[in-house]
Amino acid sequence: MKNFTVTIARGFGSGGRTIGKMLAKRLGIEWYDQDLIKLASEESGINIELFGKADEHKKATLFGKYDRNFGDKIIPPDSGEFTSDDNLFNYQAKVIKALHAKGSCVIVGRCADYVLREETNVLRVFIYASKERCVQTVADLYNLSPREAERQIERIDRARSTYYRYYTGQEWDNARNYDLCLNSEQLGFERCVDLIEHYLKVLYE
């Protein structure tokens, strides 16, 4: 199979992160999630805590928009904007492109599907589940009441949606942004991995 990158966007509580990890383990390739923050911090020299605070979060704004140069125009350290959220994202995008060029991998979140939109050998996946299933999963995982879990899901999915819209100009949960949309509640994690693996074989073998 040729080198490829699988990007996974996911609703909170859908199991997308777990599915990505399972897929990477089965295929024997690298898997990146929080690791991206560390790599971007090492690349830029910017404190990892700043990357953590900006990770998949962006305040809604009515003014301006990101110019979407995606790692091509890094702001230099002597600029007052060096540690801005946009420059942090730019370093992260640079790392995503480098990982794709390096070899096969799975990348979770961080608008990777859009950052790599002009690259070849990229499979863009969106994982979702019903609200009820996500609430149950989050409540069990974090020992929360159903209402607390629901609020947590709404907050995180709203943040991811705003972040994605700001940096891509697209809607995060629009199926047209992806090659494959999978309902993890109906399929289960193993079959989601099966389907992604089969799709890769059809495309790249």
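Mark the label point 7 Å from the Cα of residue 154 along Cα→Cβ and return the residues of the range 1-25 whose backbone N is within less than 20 Å of it.
In the range 1-25, the label zone of residue 154 (backbone N under 20 Å from the point 7 Å along Cα→Cβ) covers 11-14.
Could you calculate the contour length gain from residue 143 to residue 174, that is, 0.36 nm times the residue separation minus the distance between their Cα atoms, to one decimal place in nm? Provide the component values of the computation, followed by the final result.
Values: separation 31, 0.36 × 31 = 11.16 nm, distance 3.07 nm.
Value of the extension gain: 8.1 nm.
Enumerate the calculated ³J(HN,Hα) couplings along the range 143-158 in order (Karplus 6.51 cos²θ - 1.76 cosθ + 1.60, θ = phi - 60°), each rounded to whole Hz, writing x wherever the residue is Gly or Pro.
Each residue's phi maps through the Karplus curve to give 6, 10, 6, x, 5, 5, 5, 4, 5, 4, 4, 4, 5, 6, 5, 5 Hz.
Could you tally the net charge around residue 146, taking each other residue with its Cβ under 14 Å from the Cβ of residue 146, Lys/Arg +1 and Asp/Glu -1?
-1
Give me the number: length gained by fully extending residue 195 to residue 117, i.e. 0.36 nm times residue separation minus the C-alpha to C-alpha distance, one decimal in nm.
Difference between extended and current length: 25.9 nm.
Quick note: the coordinates plus some simple rules give every number you see, no bench work behind them. Note that this is a predicted model, so its numbers are computed, not measured. With ideal geometry, Cβ positions are generated from the backbone for all residues, glycine too; neighbour counts draw on all protein chains shown.
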